[in-house]
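Since the structure comes first, as structure tokens, the remarks are kept for the end.
The values are calculated or read from the model by the stated rules, or taken from the named source; none is laboratory data. Note that the structure is predicted; figures quoted are calculated from it, not measured. All Cβ positions, glycine included, derive from the backbone under ideal geometry; neighbour counts span all protein chains shown. What goes into the accessible areas is simple: the full protein's heavy atoms, side chains included, and nothing from ligands, DNA or RNA. Shrake-Rupley method; radii C 1.70, N 1.55, O 1.52, S 1.80 Å.
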Amino acid sequence: MYNASIMKNVLFLGLTCFCFSLFAQSPNASQNTQNTYLNAQKAQQKGDLAMAKGYYLQAIADAPDYIPPYRDLARLYRDNAQLDSSILLYQSLLEKNPRDLQTHQDLAAAFMMEARYHDAITQYKALLKHYPDFPAAFYGIAMAYFNLEQYSDAVLNSELAMRMYLSSKSNLNAADARMLAGKSYLELNNFDKAIKYFKASKKHFQGKPYFPFYLGLAYLGKGDKDKARQYFGQAEALGYNIPSNYSQQLK
């Protein structure tokens, strides 16, 4: 019933990243290598990305076990849409330490940005082998399944993430997961469940243009045009452009 492209999340919207590093302390690099790394950072801050890349690569060549230049170069590649190069560096980091939480998440995020959703799921699952109670991984898996239009799997994983966030009193993250579950239920035409989840998230998303839009979609699916019109009106008042095919269904 719904245009799936409208329903897709902007990648990383609400996708809160608990990216703290569990890497063992990097081996000390020589002073020359540290200076090279600092020169890379300075060049990047000045916007000279080609020079920064050269310094990062030199630091890596000089000290292959020195972790910071790998991380910064991988982010430089990622931020400049050179995702294949970023992915290779993250994979290299995981070879050095397969338990590193931040690198697992960074690699999964790069796969998501490349729309390699199956690879992202595999990466999140690899993370869960080391950290089975890490809710952001379940949320990431749910996002990937949502983008694959496998909505039942998206529901399963987003609800897992929601419960884990709630147990740790991470209420905003739980609300993100609940909204994703609600949108997945919407795609599955389970409109009552979608409405329940959306309304339970009102505290955190009231005032966001997309929030009344999703409620309007759920009520439209139920055939309640009056409430759909009400929520679409609220969304438009907040600046949301209601697609014409939905407006037509209200006539």
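Tabulated data
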{"item": "Cα-based reach from Lys251 at 14 Å (exclusive), listing aspartates and glutamates while leaving out same-chain residues under 8 positions away", "result": "Asp224, Asp226"}
{"item": "Label assignment, volume of the Cα convex hull per residue in Å³ derived from the structure, set [x] 145; [y] 136; [z] 128", "result": "[y]"}
{"item": "GNM top mover of Tyr197, Tyr165, Tyr131 - the chain, alpha-carbon springs below 10 Å", "result": "Tyr131"}
{"item": "For Ser152, solvent-accessible area (1.4 Å; no DNA, RNA or ligand), Å²", "result": "80 Å²"}
{"item": "Nearest-10 value in Å² for the accessible area of Ile67, using the 1.4 Å probe", "result": "10 Å²"}
{"item": "The chain, relative contact order in percent, only Cα pairs under 8 angstrom and at least six apart counted", "result": "12 percent"}
{"item": "Selection from Gln123, Ser247, Gln44 lying farthest towards where the dipole of the chain points positive, charges on Cβ", "result": "Ser247"}
{"item": "The chain: angle of helix 68-79 to the longest principal axis, Cα-based, in degrees nearest 10", "result": "40 degrees"}
{"item": "Distance violations [Cα-Cα > 28 Å] among Lys129/Lys196; Lys53/Lys125; Lys125/Lys183; Lys169/Lys222; Lys42/Lys129; Lys202/Lys222", "result": "Lys129/Lys196; Lys53/Lys125; Lys169/Lys222; Lys42/Lys129"}
{"item": "Rounded to 10°, Cα long-axis angle of helix 101-113 versus longest principal axis of the chain", "result": "60 degrees"}
{"item": "About the Cα centre, charge dipole magnitude for the chain (Lys/Arg +1, Asp/Glu -1 at Cβ), debye", "result": "960 debye"}
{"item": "Rounded to 10°, Cα long-axis angle of helix 49-62 versus longest principal axis of the chain", "result": "60 degrees"}
{"item": "Most mobile of Asn35, Asn147, Asn171 in a GNM of the chain (Cα contacts under 10 Å)", "result": "Asn35"}
{"item": "Assigned charges on the beta-carbon of Lys, Arg, Asp, Glu; the range 110-250 dipole about Cα centre (debye)", "result": "480 debye"}
{"item": "Residue-level accessible surface for Glu187, protein heavy atoms, 1.4 Å, Å²", "result": "30 Å²"}
